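Derivation of every value follows stated rules applied to the coordinates shown; laboratory data play no part. If you're wondering where the values come from, they're calculated on a predicted model, not measured in any experiment. Glycine also receives a Cβ, built like all others from the backbone with ideal geometry; neighbour counts cover every protein chain displayed.
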Ligand SMILES: [Zn+2]
C-alpha cells in the first residue's frame, strides 16, 4: 500500500510556521538568519526530532535532515526548499517545499516504511537574498558558485556580516558546504504566477528556468545645496537613478511576455534634506525565457545608462554581481513527476520558472526537478499569497510518490 500524506497535518504545520515572524497583514517576515528565521529553523528541527532524522548543518547554515535507508551504498534522494522569506512574505513560498518534505518523512514514519536509499530533507540558507545579496546564497555556496569565505564576508544594510549572523544565530555547522551523496534532487514550490490557476492545472512540471542577470549600479554625482545650485550645475545622483529606474521598466515592457526587469533596492547619500544627492546605489535585474534575450536586455540597460551618465554628468559603475539559469531540469525526473501526478488523476502542465530557486544551483550537480502547485491569483511575496489545502496536499502527495519510486522500498 502506498503511504499517504496527511493534508490536515501538513496544513497545520504551514500555519504554525507562518506564526513565526507574523506581519500585521497576515504574512510572514523571516529574513535570513534573523531571530525569526532562527526560530523557524528551531521549530523545523523540533518537528524532525521524533522522526529519528539526523541533522547536519554546513558552514553556510544549510540544514540537512537524513533518514537512513536499508542500503547504505545507495545515494540519497534529496528534496526541500527554504524557510526564509522576503520582508513582505506570504505563508507558502519556500515553506511549502520544506514542510511537504517533512510530511513525506512523517507519512513514511506513519507507514512504518523504510526506503532502500536514504532520504535527505534540506532547508537552504538565504534563498531570498533580501537581507544578504545574492539570492540562493546557501545553495550557491554548496554548488561552488560562490566561495564560502566571500559569502561569509557579505554584509546586510546594517553592516552585519553573514559570518556574524551565522554565529549569533547558532546556525553555522561544521560540514564543509559541497556536494553530498545525492542520486537526485526534487523541490516542490508554489508557482508564484497565475498560469496554473488560469489553465486549471494541478501540478506544474517545471522544465527549466529563465536566465536572470543581477546588477548593482552606483551613480556618483556631486554634492551641492538645493537652493543656490542652479539646475544646470547639478550632478544629481538620485535624479539620474530615477531615470535609470524608468529605463529598466521600459526595457521590461519591451521584453514581455518572455522578459522581465525590475529595480528593487536603493540607497542614497547623503540622503539629507537640503542636499542634492551625490551617491545613489541601485539594484536591478533583467531576465528572459531565452538566454540571449536576457543578454540583449543587459546591453539595452548598459546603453541606457551610458546615455543617462552623459546627459547628467554623473558616473555610473556597473557591478554584475550574480546570474542564474538558464537551466533545463532533468527530463526523466520531470516525466516521473508527471506520471505520478497522472496516476492520482491530476492535471499537469510544463512550466518555465520565472523566479530563481535553489534547484537552479543544484541542477548541475545531480539530476534535478521541480514541481509547482497553483498560487491563488498568482499573488506572491505578499501576505495574501495563498494555495488551498487541497492544492498543497496534491503537491506533497506527488512528491511522496516520486520519492518512493526513486528511493525504492
Ligand atoms: Zn521560494
Count of residues meeting criterion [within 15 Å of residue 198 (Cα to Cα) and out of contact with any helix residue (DSSP H, G or I) (no Cβ under 8 Å at 6 or more places or on another chain)] in segment 372-390: 1
Just one of the numbered conditions (1) touching a strand residue (DSSP E or B) at 6+ places or on another chain (Cβ under 7 Å); (2) in a helix (DSSP H, G or I); (3) closer than 27 Å to residue 48 by Cα; (4) more than 16 Å from the ligand (Cβ to nearest atom) is not true of residue 152; which one? (3)
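Residue-wise test of (1) surrounded by fewer than 21 Cβ atoms within 10 Å (Cβ to Cβ); (2) over 30 Å from residue 264 (Cα atoms); (3) within 15 Å of the ligand (Cβ to nearest atom).
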position: 2; (1), (2), (3): yes, yes, no
position: 23; (1), (2), (3): yes, no, no
position: 30; (1), (2), (3): no, no, yes
position: 41; (1), (2), (3): no, no, no
position: 44; (1), (2), (3): no, yes, no
position: 67; (1), (2), (3): no, yes, no
position: 91; (1), (2), (3): no, no, yes
position: 97; (1), (2), (3): no, no, yes
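What do you reckon, is residue 84 in contact with a strand residue (DSSP E or B) (Cβ under 8 Å, 6 or more places away or on another chain), touching a residue at least 12 places away in the same chain (Cβ under 8 Å), surrounded by 17 or more Cβ atoms within 10 Å (Cβ to Cβ) and in a loop (DSSP other than H, G, I, E, B)?
Numbers: in contact with a strand residue (DSSP E or B) (Cβ under 8 Å, 6 or more places away or on another chain): no; touching a residue at least 12 places away in the same chain (Cβ under 8 Å): yes; surrounded by 17 or more Cβ atoms within 10 Å (Cβ to Cβ): yes; in a loop (DSSP other than H, G, I, E, B): yes.
Taking the combined requirement at face value, the residue does not satisfy it.
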Leading residue by the ranking (nearest to the chain's Cα centre (by Cα)) among those in segment 224-242 that are assigned to a loop (DSSP other than H, G, I, E, B) and surrounded by 12 or more Cβ atoms within 10 Å (Cβ to Cβ): 236
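Every residue, every condition in (1) within 16 Å of the ligand (Cβ to nearest atom); (2) free of Cβ contacts under 8 Å to residues at least 40 places away in the same chain; (3) buried (at least 19 other Cβ atoms within 10 Å of the Cβ), yes or no:
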position: 194; (1), (2), (3): no, no, no
position: 206; (1), (2), (3): yes, no, yes
position: 213; (1), (2), (3): no, no, yes
position: 244; (1), (2), (3): no, no, yes
position: 255; (1), (2), (3): no, no, yes
position: 269; (1), (2), (3): no, yes, no
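Does residue 219 fit the bill of being surrounded by 16 or more Cβ atoms within 10 Å (Cβ to Cβ) and either within 30 Å of residue 391 (Cα to Cα) or within 16 Å of the ligand (Cβ to nearest atom) (or both)?
The answer is no for residue 219.
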